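Written below as structure tokens is the structure these notes are about.
The values are calculated or read from the model by the stated rules, or taken from the named source; none is laboratory data. Here the structure is a predicted model, which means the values were calculated and not measured. Here the Cβ positions follow ideal geometry from the backbone for every residue, glycine too, while neighbour counts run over all protein chains shown.
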């Protein structure tokens, strides 16, 4: 395990105990993504929950699709240990430790891939999309959530007033995510965004929530990375954004994606041309 991987695992190990109570953005994204599955007419026999963390999504999927085998895949040993505890005695799921860009899964063997909040943590989402495309059966379904380019824009602006060094990740625009899905060979990609505003009393409170979600430490105020004076200046710029209630608004753009694996020449042609046809048999009334 390289230094970057060890650092990620340390963050996740610290975050796992607080994940249920404090990672509320992930919880919101998970519930919305599960809701978006309701009108889709599928009867999966094998489901992958990739980047499923402590197992909340896997348990919900196992409860909803009772005839399916659900496999939770995560690269973090800490998260997988928590997932094993969450399986319960009467209805569980399988757990596999693996990297999202190198899934130990047979080609064309999965009916549904669920990735609740994985993309923001990936260095290369394209490689992940290609893996999902590989393991899905023809007419298999892929659903995921991520964050859009507007996320943490207030924090990014505060640091931009201090220096020109990037301190906050540049999240991918959801239009680019759709293009990446098409390049990976998916059919009928559909993406929509939901913009949330979360308010904080201080920059320290925001950083606490980011740590609870296992986010990176590149903007946590370590003097070796930013310097005490620059951190203080960024804190002042951020906290100058207080509203009339004395709170600091922070934007989170949640992006939800859905796409089909192609089946036959007509689907492949649709994926290339940009024109898509979704059979009515794949949808049901809500």
Got a number for residues in region 27-48 being surrounded by 22 or more Cβ atoms within 10 Å (Cβ to Cβ) and within 11 Å of the chain's Cα centre (by Cα)?
-> 2
Given the structure, is residue 72 within 24 Å of residue 38 (Cβ to Cβ), at pLDDT below 95 and not in a helix (DSSP H, G or I)?
-> yes
Name the residues in region 168-208 that are in a helix (DSSP H, G or I) and either under 28 Å from residue 243 (Cα atoms) or in contact with a helix residue (DSSP H, G or I) (Cβ under 8 Å, 6 or more places away or on another chain) (or both), would you?
-> 177, 180, 181, 182, 183, 203, 204, 205, 206, 207, 208
Can you tell me which residues in region 114-127 are under 16 Å from residue 257 (Cα atoms) and over 12 Å from the mean Cα position of the chain (by Cα)?
-> 126
Could you check, for region 132-139, whether at least one of its residues is closer than 28 Å to residue 236 by Cα and at pLDDT 90 or above?
-> no
If you check 272, 235, 224, which single one turns out to be farther than 30 Å from residue 40 by Cβ and modelled with pLDDT under 50?
-> 224
Residue 44 being closer than 23 Å to residue 179 by Cα and not in a strand (DSSP E or B) = no
Selection count, region 93-113, where residues are modelled with pLDDT of 95 or more, assigned to a strand (DSSP E or B) and more than 18 Å from the chain's Cα centre (by Cα) | 2
Those residues that are in a helix (DSSP H, G or I) and surrounded by 17 or more Cβ atoms within 10 Å (Cβ to Cβ), I need them from region 118-130; list them, please.
-> 119, 120, 121, 125, 128, 129
Which of the residues that make up region 57-80 are farther than 18 Å from residue 99 by Cα, out of contact with any strand residue (DSSP E or B) (no Cβ under 6 Å at 6 or more places or on another chain) and crowded, with 21+ Cβ neighbours inside 10 Å?
-> 59
Which of (1) buried (at least 19 other Cβ atoms within 10 Å of the Cβ); (2) modelled with pLDDT of 90 or more is the odd one out, the single condition residue 174 does not satisfy?
-> (2)
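Condition (residue is modelled with pLDDT of 80 or more, touching a helix residue (DSSP H, G or I) at 6+ places or on another chain (Cβ under 9 Å) and either surrounded by fewer than 16 Cβ atoms within 10 Å (Cβ to Cβ) or not in a strand (DSSP E or B) (or both)) applied to region 81-92: is it met by at least one residue?
Among the residues of region 81-92, at least one is modelled with pLDDT of 80 or more, touching a helix residue (DSSP H, G or I) at 6+ places or on another chain (Cβ under 9 Å) and either surrounded by fewer than 16 Cβ atoms within 10 Å (Cβ to Cβ) or not in a strand (DSSP E or B) (or both), which makes the answer yes.
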Inspect all residues belonging to region 131-148 and state whether any of them is in contact with a strand residue (DSSP E or B) (Cβ under 6 Å, 6 or more places away or on another chain) and part of a helix (DSSP H, G or I).
-> yes
So residue 219, is it within 23 Å of residue 165 (Cβ to Cβ), surrounded by 15 or more Cβ atoms within 10 Å (Cβ to Cβ) and at pLDDT below 75 = yes
